[in-house]
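Quick notes on the structure that follows.
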Amino acid sequence: MISSLASALGKFPTVALTRLSTPITRVERLEQACGAQSRGIRIFVKRDDIGDIGSGGNKLRKLAFLLGQAQAERADTVITVGGIQSNHARLTAAACAKLGIACELFLSDMVPIHVAEYRESGNVLLDRIFGATMTVVPSDGDVMAVANARAAELASTGRRAMVIPAGGSSPRGTLGYAQCAQEILEFEAQNATEFRHIVIPNGSHGTQAGLIAGLTFAGQRGARVKAYSVLADRDVTHARTTVLARNALELLGGNPADVDEQVDVVVDGGYRGAAYGIPTQAMVDAVHLLARTEGMLLDPVYSGKAFSGLLADIASDRIPAGADVLFVATGGVPGLFAYRDTLAQTRVTSD
Ligand SMILES: *Cc1c(COP(=O)(O)O)cnc(C)c1O
């Protein structure tokens, strides 16, 4: 089953952007600090935040498939969209630089944060360093419409542009996370373990949908992937993730009806806070806790909020005693610098 998933994925052209598979490591000081250890819960982290280019992150897996397609179609320009602090935009800029493809970013002014760090540092600074062109679109504008219009304009001058949707979450890009599912299954087989919960943030849905598509294709059923939505609300996220998982499964050659919306697609909307990109205190606490027990970095928009959900689930016994949990660290470290004021709380000690 695992090998047939590998061969289904192997039919798509990809580019090598980073070494795979990513490491899986246990975080025992964190287990101790959050009360997991006393209930026999082991926590592992899959290090999708480590990457060979662009400062790493989950979008590299999707871009391996998307830019494989761009090269096969001989595109000379890649256009993509996101928020101002988009990790996907930053990694697209880095990957295009590596491949010698022009990169144009259309970034929506969708998060009402106006400090200079947010608008000019973090991912925005890196976009500029990677040489991408960048256009900010007002929050009420349609970034995809602007991107498509720009692609048409380039086509009229004989250029070949490919437009990548937000987060790289087309069915093709989503296959990057079916590949991640395959790595997880290989790890489980080699280590005689099974992760009861595979925990992730959900923004543009491709990470969750790809994991579900890969596990379903490999014959695994039943609620192993748990996502915390950080962008749309729970119900919208649940519906869109289901559609995307089915489309990705079909692209792999599986039967889309095998994804059971009620059983396989598990989304918790309780840890997003007020809106996408707006910090929560639980996120700040989660970022600090993992940093101060393991020296590992979460990000303020996605993985920090998802990790705060995992910590709450452990504290409230929603994770059963004795379970093995795998948190997929999705990257986003440059975003920390955009949230300097929120995150720069130092620990005060009396001694
Ligand atoms: C994009 C992103 C996510 C969410 O992944 P989706 O596939 O868009 O749901 C999670 N974490 C980080 C750091 C991201 O940049």
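The values are calculated or read from the model by the stated rules, or taken from the named source; none is laboratory data. Since the model is a prediction, treat every value here as computed from it, not as a measurement. When we count neighbours, we look across all protein chains shown, and the Cβ atoms used for this are built from the backbone with ideal geometry, even at glycine. For the accessible areas, the whole protein counts, side chains as well, though only heavy atoms, and no ligand, DNA or RNA atoms are used. Shrake-Rupley method; radii C 1.70, N 1.55, O 1.52, S 1.80 Å.
Kindly state which strands (runs of 3 or more DSSP E) lie completely within the stretch 20-110 and contain at least 1 residues that are closer than 30 Å to ASP142 by Cβ and open to solvent by 10 Å² or more (accessible area, probe 1.4 Å).
77-83, 102-108
Which members of the stretch 195-239 meet the condition of being assigned to a loop (DSSP other than H, G, I, E, B), closer than 23 Å to PHE307 by Cβ and modelled with pLDDT of 95 or more?
Across the stretch 195-239, the qualifying residues are PHE195, GLY203, SER204, HIS205, VAL230, LEU231, ALA232, ASP233.
I need the full set of residues from the stretch 240-268 which are in a helix (DSSP H, G or I), away from the ligand (no atom under 14 Å from the Cβ) and within 18 Å of HIS197 (Cα to Cα), in order please.
GLU261, GLN262, VAL263, ASP264
Is it fair to say ALA282 is surrounded by fewer than 19 Cβ atoms within 10 Å (Cβ to Cβ), within 22 Å of ILE43 (Cβ to Cβ), touching a residue at least 24 places away in the same chain (Cβ under 8 Å) and aliphatic (A, V, I, L, M)?
Here the answer is yes, as ALA282 does meet what is asked.
Quick check on ILE200: is it over 24 Å from ALA70 (Cα atoms) and near the ligand (Cβ under 8 Å from one of its atoms)?
For ILE200, the condition - over 24 Å from ALA70 (Cα atoms) and near the ligand (Cβ under 8 Å from one of its atoms) - is met.
With the requirement that a residue be outside any loop (DSSP other than H, G, I, E, B) and away from the ligand (no atom under 14 Å from the Cβ), what does the stretch 111-123 give you?
ALA116, GLU117, TYR118, ARG119, GLU120
Do you know which of the residues in the stretch 127-173 that are surrounded by fewer than 16 Cβ atoms within 10 Å (Cβ to Cβ), part of a loop (DSSP other than H, G, I, E, B) and among the polar types (S, T, N, Q) is farthest from the chain's Cα centre (by Cα)?
THR157
State whether one or more residues within the stretch 30-53 are among the polar types (S, T, N, Q) and within 14 Å of the ligand (Cβ to nearest atom).
no
Within the stretch 166-177, is there a residue that is aromatic (Phe, Trp, Tyr) and more than 12 Å from the ligand (Cβ to nearest atom)?
Scanning the stretch 166-177, I find no residue that is aromatic (Phe, Trp, Tyr) and more than 12 Å from the ligand (Cβ to nearest atom), so the answer is no.
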